1. Confirm whether residue 104 is loosely packed, with under 13 Cβ neighbours inside 10 Å and closer than 23 Å to residue 45 by Cβ.
2. Any chance the stretch 30-44 includes a residue that's surrounded by fewer than 19 Cβ atoms within 10 Å (Cβ to Cβ) and modelled with pLDDT of 95 or more?
3. Mind listing whichever residues of the stretch 34-70 are over 19 Å from residue 80 (Cα atoms) and free of Cβ contacts under 8 Å to residues at least 40 places away in the same chain?
4. Return the residue satisfying two criteria in turn: it lies in the stretch 45-60 and is modelled with pLDDT of 95 or more and buried (at least 21 other Cβ atoms within 10 Å of the Cβ), and of such residues it is farthest from residue 91 (Cα to Cα).
5. Go through the stretch 47-86 and report how many residues are assigned to a loop (DSSP other than H, G, I, E, B), within 15 Å of the chain's Cα centre (by Cα) and under 21 Å from residue 115 (Cβ atoms).
6. What is the number of the single condition among (1) touching a strand residue (DSSP E or B) at 6+ places or on another chain (Cβ under 6 Å); (2) buried (at least 16 other Cβ atoms within 10 Å of the Cβ); (3) more than 17 Å from residue 125 (Cβ to Cβ); (4) at pLDDT 80 or above that residue 22 does not meet?
7. Among the residues of the stretch 106-113, are any in a loop (DSSP other than H, G, I, E, B) and in contact (Cβ under 8 Å) with a residue 40 or more places away in the chain?
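The values are calculated or read from the model by the stated rules, or taken from the named source; none is laboratory data. As the structure is a computational prediction, the values presented were derived from the model and not from experiment. Ideal geometry is used to build each Cβ from the backbone, glycine not excepted, and the neighbour counts take in all protein chains shown.
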């Protein structure tokens, strides 16, 4: 199962298969997403602290472009990822582990090219095991 979140946080579930269970992101031109916002897609909609988040962006970046990632969550929780690189197809794909201190609620992972206006973002939800 693949979950795709837009800026509004509304989810659309797509049944796709592929490497790492991520499937294929939405079609986009190699030079960006046109008038649409480029998205970051995840292998699931809800994560728990200490879980690994696997992500894959639309093809909104130049091949081998330097990219920075920012994870922003509830309670002003921010984490930076400075050394990411777009693949030859213009996608940024990877994974990171949530810390045990990641707060409950919605998180946004934003990818931004270091030297251009290219970017992508998507949301997921963090839930603690003891909450309902």
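1. Numbers: loosely packed, with under 13 Cβ neighbours inside 10 Å: no; closer than 23 Å to residue 45 by Cβ: yes.
Answer is no for this residue.
2. Checked against the condition, which is being surrounded by fewer than 19 Cβ atoms within 10 Å (Cβ to Cβ) and modelled with pLDDT of 95 or more, the stretch 30-44 yields at least one hit.
3. Hits for the stretch 34-70 are 34, 35, 36, 59, 63, 64.
4. The qualifying residue farthest from residue 91 (Cα to Cα) is 55.
5. Initially, the stretch 47-86 is screened for residues assigned to a loop (DSSP other than H, G, I, E, B), giving 48-51, 58-65, 74-76, 86.
Applying the additional criterion that residues be within 15 Å of the chain's Cα centre (by Cα) yields 51, 58-61, 86.
Going one step further and asking which of them are under 21 Å from residue 115 (Cβ atoms), we end up with 58-61, 86.
Here the count works out to 5.
6. (4) is the only condition that residue 22 fails.
7. Of the stretch 106-113, the ones in a loop (DSSP other than H, G, I, E, B) are none.
Scanning the stretch 106-113, I find no residue that is in a loop (DSSP other than H, G, I, E, B) and in contact (Cβ under 8 Å) with a residue 40 or more places away in the chain, so the answer is no.
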